[in-house]
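Below is one structure; the comments refer to it alone.
Any read-out appearing in this document is the output of simple, stated calculations on the displayed coordinates, not a laboratory observation. Model, not experiment: these values are computed from the prediction. Quick reminder, even Gly has a Cβ in these numbers, built from the backbone with ideal geometry, and neighbours come from all protein chains shown.
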Amino acid sequence: MSENKRIVLSSDHAAIGLRKAIADYIQTKGWDAVDIGPITSESTHYPKHGAAAAHKVASGDCRFGIILCGTGQGIMMAANKVKGIRCGVCCDPFSAQMIRAHNDANMLALGARVIGDGLALEIVDAFLNTEFEGGRHETRVEMISSLEQ
Ligand code: RB5
């Protein structure tokens, strides 16, 4: 397991409260929450927040990223435009487990208007407690990366 315990968090205005709850939660699990905001619930644009978080993961500054918007979908799309990012929206713990185990996802997107806080924390746990399995999945992840060239 990587020594980098830093997890970047970002969101748009639709998910400020859940983002803060997740930041507090992951700290209790031994992770270092790097919450890059925004701080107020003033309407903002999810692509810039998804991209800012993605760059922190792609650069290696943070091991993982957790990003949120109303559905998780828009901010996920923005993050996946950054080279090296593999981000999936999850609404259930099984999917969160599998995007780590099979897809080596380095970012998790959540929809604050879709899931409740309790489920969100279970999804976060599943994501952070699952290792990439490698093997045949390595080839497929490399195929995803090759699409970035
Ligand atoms: C904001 O109203 C909303 O569009 C955004 O949070 C997100 O759901 C977009 O994908």
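Side notes on the structure shown:
- Exposure proxy ranking for 29, 83, based on other Cβ atoms within 10 angstrom of each Cβ and starting from the fewest, stands as 83, 29.
- Within the listed set 122, 131, 42, the residue fluctuating most in the Gaussian network model of the chain (springs between alpha-carbon atoms under 10 angstrom) is 42.
- Fewest-first sequence of 13, 137, 49 by Cβ atoms within 10 Å of each Cβ: 137, 13, 49
- Distance between the 7 Å Cα→Cβ label points at residue 61 and residue 34: 0.6 nm.
- Within a Gaussian network of the chain (alpha carbon springs, distance under 10 Å), most fluctuating of 19, 113, 100: 113
- Result for the chain in a Gaussian network model with C-alpha springs under 10 Å: among 88, 74, 50, the largest mean-square fluctuation is at 74.
- If you look at the Cα atoms of the chain, you get an Rg and a Dmax of 14.0, 45 Å.
- Measuring nothing but alpha carbons in region 75-138 and taking Rh as the Kirkwood radius, the Rg to Rh ratio lands at 0.98.
- Spacing of the two label points (7 Å from each Cα toward its C-beta) at residue 77 and residue 125, in nm: 3.3 nm
- Restricting attention to the chain, the count of lysine pairs at 8 or more positions apart or across chains with alpha carbons under 17 Å apart stands at 8.
- Note on residue 147 and residue 5: the model spin-label points, each 7 Å out from Cα along the C-beta direction, lie 3.5 nm apart.
- Kyte-Doolittle mean at least -0.5 and Cα axial length at least 15 Å: DSSP H helices in the chain: 16-28, 46-58, 117-128
- Computed over all pairs of different Cα atoms, the Kirkwood value for the hydrodynamic radius of region 1-41 is 10.6 Å.
- Estimated at 0.36 nm per residue, the fully extended path between residue 27 and residue 133 surpasses their Cα-Cα distance by 35.6 nm.
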